[in-house]
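To start, the structure itself, in structure tokens.
The values are calculated or read from the model by the stated rules, or taken from the named source; none is laboratory data. This one's a predicted model, so the numbers in the text were calculated from it and none came from an experiment. Because the Cβ atoms are built from the backbone with ideal geometry, glycine has one as well, and the counts that use them run over all protein chains shown. All accessible areas refer to the heavy atoms of the entire protein, side chains included, with ligands and DNA or RNA removed. Shrake-Rupley method; radii C 1.70, N 1.55, O 1.52, S 1.80 Å.
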Amino acid sequence: MSSTTDLVIFGALGDLSKRKLFPALYQLDRAGLLDASVRIAAVARDNINTPAFIEQLHLVLQKAFGPAAFDVASWLRFSHRLHYIKIDFAQKKQFLALKDWLLAGRTAIYYLATPPSMFSPISKHLDAAGCVAADSRIVLEKPIGHDLKSSQEVNSAVADCFAEGNIYRIDHYLGKETVQNLLALRFANRMINSQWDNSSIDHVQITAAEVVGIEGRWGYYDKVGQLRDMIQNHLLQLLCMVAMEPPNSLQADEIRAEKVKILRALSPITVDTVAEQAVRGQYTAGWVGGKPVVGYMEEEGSERESSNTETFVALKTYIDNWRWAGVPFYLRTGKRMHSKVTEVVITYKDHPHGIFPDRDRGAHNRLIIRLQPNEGIELEMVSKKQSLKERMGLEKRRLNLDFFDSSGESRIADAYERLFLEVIKGDQWLFVSRDEIEASWRWCDTLLDAWNKKGLGVKGYSAGSWGPSKAEMLIEKDQRSWHES
């Protein structure tokens, strides 16, 4: 790990920085994983100084962690790393203040926790001010563009200033322990890997459900929708990790190349198939956690009388290769859902002939990979009932590997902690390549175009439910059902 790192956070007073970035850096410092010489510059346009910024952040971290988890000694050490630099991102000359702060011979890492529209100008202004050296790195948050064309424009603009090997595109799902554990689960366990294909697997489900609504972001969200916000990045990345072929090594280029192959093999959902393979919905008023909530169109900031922006998406698609031919992948994500859950469910096929007459033929073996609310892996299997009354009664049982309970640790590290460490080390294996971004946008653009050409609108669903009824029909017509924990 570099001991001479200058980390620069653009958008340091924004929501992402306060909720995720600075808490993650504080935890790394507290754990002794940041070298003593690492400096952190907080960059924003507000007219404050370094002491005022440190006081603001102090209050933010105290509130985030609470009295029991906030360590004063760790905070004092961490606060000495911090510097505040006032820069209007649109003003090229103001970047000279950052140039003056940087020290020669140190690796600069620029983290852009800003709207994507600022990626290009910030990159150009950094370059013009002489802030970009051969080893300088830049970290980009999602979304990178809103379609293939705009993503190519953003990628090209950043590539004019930074080498591809120094561009780190964040998908924070890849920083989660469970997602990384997919590599170990599949490729370090022969008994799992040998059953990981269409001869053994009936279907795959990937669900990312949120109980929250749009959280005051109506103006932004209405231009984006759930497909762009969740499918294009998070769910397609999970699909790639589930479906990709074994890489030759754990090197970044090897892993990313295998993911690109999956994205390119993903069967497009076209005008001819969109009505049968895709559902989009929009939440209406309902109840979440025992409390009434308004519908999407009644949310604060709503600017129109009606909107066709989806807050829910359910899809059925296939991967056109030898391993996965004929295996449907069902993807589901939405806001204001019944429960907060992110999981991958691998459902195995039944034996072709059963010797247990009382067994429910729908009681499949399932491997459940949980990302939230509690990270872990469960194996759902059939076992004999402990009973003298029944000769060979069967029941479903679960083997549960809870990562937190079994780790011996006091907590599971946040995804951003891992991602910061990998950026500082200069390893891109948990970051998304340009080819991946553009391949996923190409697939999503086809679906969006099909929706528009077919004139398919959003289906209403009550807040607190599992989405529109048509989403249930999407999977039930195949004699399957969504897994609900």
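Across region 421-433, computed HN-Hα scalar couplings (Karplus, 6.51 cos²θ - 1.76 cosθ + 1.60, θ = phi - 60°) run 4, 5, 5, 5, 6, x, 10, 9, 5, 9, 10, 9, 7 Hz from first to last residue, x flagging Gly and Pro. Share of carbon and sulfur in the accessible area of region 1-155 stands at 56%, probe radius 1.4 Å. Summarising the amide proton neighbourhood of GLY281: residues at separation of 5 or more, or on other chains, whose placed amide H is nearer than 5 Å comprise THR311, PHE312, VAL313, LYS459.
Surface analysis of the chain yields an accessible area of 45 Å² per residue, using protein heavy atoms and a 1.4 Å probe. Computed from the alpha carbon atoms alone, the convex hull of the chain holds 174 Å³ per residue. In terms of the mean number of neighbouring beta-carbon atoms within 10 Å, the peptides 425-434, 309-318 order highest first as 309-318, 425-434.
Using the Karplus relation 6.51 cos²θ - 1.76 cosθ + 1.60 with θ = phi - 60°, the per-residue 3J(HN,Hα) values for region 393-399 come to x, 10, 8, 7, 10, 10, 8 Hz, with x marking Gly and Pro.
Between region 149-192 and region 237-300, the C-alpha centres lie 16 angstrom from each other. Centroid-to-centroid, using Cα positions, region 367-395 and region 90-111 are 56 Å apart. Charge dipole (Cα centre; +1 on Lys/Arg Cβ, -1 on Asp/Glu Cβ; no other charges) of the chain amounts to roughly 480 debye.
Peptides 85-92, 207-214, 468-475 ordered by packing proxy, namely the average of other Cβ atoms within 10 Å per residue, highest first: 207-214, 468-475, 85-92. Each peptide in 5-14, 215-224 gets a packing score, the mean of other Cβ atoms within 10 Å over its residues, and the list from highest to lowest is 5-14, 215-224.
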